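Working notes, beginning with the structure itself.
The values are calculated or read from the model by the stated rules, or taken from the named source; none is laboratory data. Treat the numbers as computed from the prediction; the structure is a model and nothing was measured. Neighbour counts run over all protein chains shown; Cβ positions are idealised from the backbone, glycine included.
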Amino acid sequence: MRWLFPLVAALVVGCGLASHASASTPTDAQLLARYAPILVLHPDERFQPEAVDGYLADADLVGGHYDQRLCKSVDGPAALDCYANADAAHAQPPAVYGAVLRRGNRIALEYWLFYAFDLYAPASEIWQDHEADWEAITVLLDAKRRPLLVGTSRHCGGARRDWSAVTRRGTRPVIYVALGSHANYFSPGSPPLERRCWPDVALAVFKAYNVALVDRLAVGRTIAGARVVPVTATSPSWIAFAGQWGETQYVHFSNNAPFAFGFGPSGPASHALWRQPVGTVLGWPRG
């Protein structure tokens, strides 16, 4: 019966190897933590990505959209202090919402960023604003969980860059956040906005006023320790909200009253990036 000993030993060793292999496969939470972006804000930025709880506590649901009852977006730059103070009163630490979306042989790690207020002002008397702002950063992995590229949302679309060309700290991509608009870029500077993001009439007005449509990115506060809050298609409950986050958004030109331009943005699950995470990112231009 001596042959039993090597058989049992082999079984024990085999089980040990199997357990080790299983343990080495990262969980979804570990993947989200491993590739969570490091965010570099502009020195003048007054908002940070955070949990939605404070905003929702100050908002009413009116006609299918949220309305932050304490401040009014029609006031534009004059409302900046109101929104910033209301936001600061909740003392929310930095946070991003992380989703793991699998499509075929690809894994999309999506990091959704919520800001309480969006104010884009390319000139002193020209601005566009809206309550609440949703942006996203995606790290696309292959079937073996190796990073392939990073996609960043900006205005009406986004851009992508191969993993090898992305500035990183370890496994975490470094992303620069534009002042006010919170569009995401791979480096600082003053990149021009895509003209397709604006209606022709707005482009004509900008041209008449000789206003350059650019985002402003510079090295200010760096957020490297934001909490990653896992989300799914059904949890938390607000993820399935199909309306808009924020009251009417406004546009203002010199010597004119602000005029309404739709409502605030829709939430994560309403975006093509959520429904088609791989195809959407691959469809973005290289940037």
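Going residue by residue through the stretch 112-120, is there one that turns out to be at negative phi and without any contact (Cβ under 8 Å) to a residue 60 or more places away in the chain? Even if it seems obvious, please write down each step before you answer.
Applying the first criterion (at negative phi) to the stretch 112-120 yields 112-120.
Narrowing further to those that are without any contact (Cβ under 8 Å) to a residue 60 or more places away in the chain: none.
No, the conditions are met nowhere in the stretch 112-120.
Looking at Val214, Val219, Val231, which one is β-branched (Val, Ile, Thr), farther than 22 Å from Leu179 by Cα and out of contact with any Asp or Glu (no Cβ under 7 Å at 6 or more places or on another chain)?
Step by step, each of Val214, Val219, Val231 is checked, and only Val231 is β-branched (Val, Ile, Thr), farther than 22 Å from Leu179 by Cα and out of contact with any Asp or Glu (no Cβ under 7 Å at 6 or more places or on another chain).
Residue by residue, here is whether (1) exposed (fewer than 14 other Cβ atoms within 10 Å of the Cβ); (2) touching a Lys or Arg at 6+ places or on another chain (Cβ under 8 Å); (3) touching a residue at least 24 places away in the same chain (Cβ under 8 Å); (4) not small (Gly, Ala, Ser) holds:
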| residue | (1), (2), (3), (4) |
| --- | --- |
| Leu41 | no, yes, yes, yes |
| Arg46 | no, no, yes, yes |
| Ala57 | yes, no, yes, no |
| Gln68 | no, no, yes, yes |
| Asp75 | no, no, no, yes |
| Gln92 | no, no, yes, yes |
| Ala95 | no, yes, yes, no |
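Would you mind finding the one in Thr171, Thr222, Thr152 that is among the hydroxyl-bearing types (Ser, Thr, Tyr), at negative phi, surrounded by 15 or more Cβ atoms within 10 Å (Cβ to Cβ) and touching a strand residue (DSSP E or B) at 6+ places or on another chain (Cβ under 9 Å)?
Values: Thr171 fails: surrounded by 15 or more Cβ atoms within 10 Å (Cβ to Cβ); Thr222 fails: surrounded by 15 or more Cβ atoms within 10 Å (Cβ to Cβ).
It is Thr152.
Filtering the stretch 33-71 down to residues that are over 23 Å from Thr167 (Cα atoms), out of contact with any Gly (no Cβ under 6 Å at 6 or more places or on another chain) and of a type in the set (Gly, Ala, Ser), which residue is modelled with the lowest pLDDT?
Gly63
Spot the failing condition for Arg196; the list is (1) closer than 28 Å to Val40 by Cβ; (2) exposed (fewer than 15 other Cβ atoms within 10 Å of the Cβ); (3) touching a strand residue (DSSP E or B) at 6+ places or on another chain (Cβ under 7 Å); (4) not polar (S, T, N, Q), and only one is missed.
Single failed check for Arg196: (3).
Taking the conditions exactly as written (buried (at least 18 other Cβ atoms within 10 Å of the Cβ) and farther than 14 Å from Ala178 by Cβ), does Glu125 satisfy them or not?
Taking the combined requirement at face value, the residue does not satisfy it.
Any residue in the stretch 132-157 that is in a loop (DSSP other than H, G, I, E, B) sitting within a Cβ distance under 7 Å of a residue that is β-branched (Val, Ile, Thr)? List the pairs, counting only those 6 or more apart or interchain.
Listed pairs, sorted by first residue: Arg145/Ile107.
Only residues that are under 15 Å from Asp53 (Cα atoms) and surrounded by 15 or more Cβ atoms within 10 Å (Cβ to Cβ): list them for the stretch 237-251, please.
Trp238, Ile239, Phe241, Trp245, Gly246
With the structure loaded, tell me whether Ser254 is touching a residue at least 60 places away in the same chain (Cβ under 8 Å), loosely packed, with under 15 Cβ neighbours inside 10 Å, of a type outside the set (Lys, Arg) and over 22 Å from Leu56 (Cβ atoms) or whether it fails that test.
The answer is yes for Ser254.
Is it the case that Leu203 is in contact with a Lys or Arg (Cβ under 8 Å, 6 or more places away or on another chain) and either within 18 Å of Asp133 (Cβ to Cβ) or surrounded by 13 or more Cβ atoms within 10 Å (Cβ to Cβ) (or both)? Write out each step before concluding.
Numbers: in contact with a Lys or Arg (Cβ under 8 Å, 6 or more places away or on another chain): yes; either within 18 Å of Asp133 (Cβ to Cβ) or surrounded by 13 or more Cβ atoms within 10 Å (Cβ to Cβ) (or both): yes.
So Leu203 fits the description; yes.
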